[in-house]
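The values are calculated or read from the model by the stated rules, or taken from the named source; none is laboratory data. Small disclaimer: the values here were computed from a predicted structure and weren't measured. Reconstructed Cβ throughout: ideal geometry from the backbone, glycine too, with neighbour counts over all protein chains shown. The area values use the complete protein model at the heavy-atom level, side chains included, leaving out ligands, DNA and RNA. Shrake-Rupley method; radii C 1.70, N 1.55, O 1.52, S 1.80 Å.
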Amino acid sequence: MRSKNLKFRLLIGVAIALFFVFKRCSQREENPYTGRMQTISMAADEEIAIGLQSAPQMAQQHGGLHPNTQYQALVDNVGNKLVNNSIARQTPYKYEFHLLADPNTINAFALPGGQIFITHALFSKLENEDQLAGVLGHEIGHVLGRHSAERIAESEYWQGLATAGSVGADMGGLVSGIGQNTLLTNGRDDELESDELGVKFMLKAGYNPREMIGVMEILKAAAGPNRVPEMQSTHPDPDNRIEKIEEAIEKYKNQ
Ligand SMILES: [Zn+2]
């Protein structure tokens, strides 16, 4: 009796797992802007909606928008220049660039669909316009690379497999452990892809791509033992990143 029950549970577990595997297969698509295959479970307009919905809360968490309209105009100009001179312009995303008042957190980030933020703490550390282009270009890379949407779809998949695992056997913990690792690995790849796209956009817009390396140096210097900037937290080590940025400059400089 007992072993029959166990077999039944295993079958259900396998069926659930197969469902999520097939679902994931049907969600695989090629990103038309990067050429990379990825798992995506939402349309571009949903990404835009999520970004717009979360933007006010994001701003609030960082002391709201910075009051200096000249600084904000500079951020807008550099961001729009990057978008208008690159493939980013051909995407359905609505790019908006926000300078946040936060004087302490050295940070920049992107919400899905095109809402992009830089804190004044990071802004004030930058030495020139090219470095600002480096930061914004990297964030545009996250949007166009659809990294948030991809993480959401991948975590749905791993949660599904964990459910299957916990029904079929006591393997749920193991499977979700693998899932978490996968998410972190994706995080590192996301950063490298965004760095590369950032370099590409900088070149197209006439900025000096070597200043992306300057940004890395600033982040490296800012990261004390207790202060790890977002742009560096889940990230490959900075020297490895700089090496990849140099490769990207070589790859794109004559295109
Ligand atoms: Zn990043």
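Once you place label points 7 Å from the Cα toward the Cβ at residue 155 and residue 69, how far apart are they in nm?
Label at residue 155, label at residue 69, 3.9 nm between them.
Springs between alpha-carbon atoms under 10 Å, Gaussian network over the chain: tell me which of 88, 49, 108 tops the mean-square fluctuations.
49
Give the long-range amide H neighbours of residue 65: residues separated by 5 or more places, or on another chain, with amide H under 5 Å away, using H modelled in the peptide plane at 1.01 Å from N.
Those lying under 5 Å, H to H, from residue 65 are 101.
Could you work out what % of the accessible surface of the chain is carbon and sulfur, using a 1.4 angstrom probe and leaving DNA, RNA and ligands out of the count?
The value for the chain is 53 percent carbon and sulfur by accessible area.
At 7 Å along the Cα-to-beta-carbon direction for both residue 255 and residue 84, put a label point, then send me their distance in nm to one decimal.
Those two pseudo-labels are separated by 2.3 nm.
Heavy atoms only, probe 1.4 angstrom, no DNA, RNA or ligands counted: give me 155, 86 ranked by accessible area, highest first.
Descending order: 155, 86.
Can you sort 45, 237 by 1.4 Å-probe accessible area, starting with the largest?
45, 237
Per residue of the stretch 139-155, what does 6.51 cos²θ - 1.76 cosθ + 1.60 with θ = phi - 60° give for ³J(HN,Hα)? Whole Hz please, x for Gly and Pro, Karplus curve as stated.
5, 4, x, 4, 5, 5, x, 6, 5, 5, 4, 5, 5, 4, 5, 5, 6
So for the stretch 17-136, what are the equivalent ellipsoid semi-axes in whole Å, largest first, each being the square root of 5 times an eigenvalue of the Cα gyration tensor?
Rounded to whole Å, the semi-axes are 31, 17, 12.
Pairs to check: 94/220; 81/204; 125/204; 81/200; 125/220; 200/251. Give those whose C-alpha atoms are more than 21 Å from each other in this structure.
Among 94/220; 81/204; 125/204; 81/200; 125/220; 200/251, the Cα-Cα distance tops 21 Å for 94/220; 125/204.
Can you show me the helix-derived [θ] at 222 nm for the chain, built from DSSP H runs with n ≥ 4 at -39,500 (n - 2.57) apiece and divided by the number of residues, rounded to the nearest 500.
Here the helix-only value at 222 nm equals -21500 deg cm²/dmol.
So what are the ³J(HN,Hα) numbers for the stretch 65-79, from phi and the Karplus equation (6.51, -1.76, 1.60; θ = phi - 60°), rounded to whole Hz, Gly and Pro as x?
Values per residue, Gly and Pro as x: 7, 6, x, 6, 6, 5, 4, 4, 5, 5, 4, 4, 4, 5, x Hz.
Using the scaling law 2.2 N^0.38 Å as the reference, what is the normalised Cα Rg of the stretch 20-59?
1.48
Leaving out ligands and nucleic acids, and using a 1.4 Å probe, what accessible area per residue does the chain come to in Å²?
51 Å²
For a quick check, take a GNM of the chain with Cα springs below 10 Å and name the residue from 70, 61, 53 with the largest mean-square fluctuation.
70
Run through every distinct alpha carbon pair of the chain and return the Kirkwood hydrodynamic radius in angstroms, one decimal place.
After inverting the mean inverse Cα-Cα distance, the result is 19.6 Å.
Considering only DSSP beta bridges whose two residues both sit in the chain, what percent are antiparallel, to the nearest 5?
Counting only bridges with both partners in the chain, antiparallel ones make up about 60 percent.
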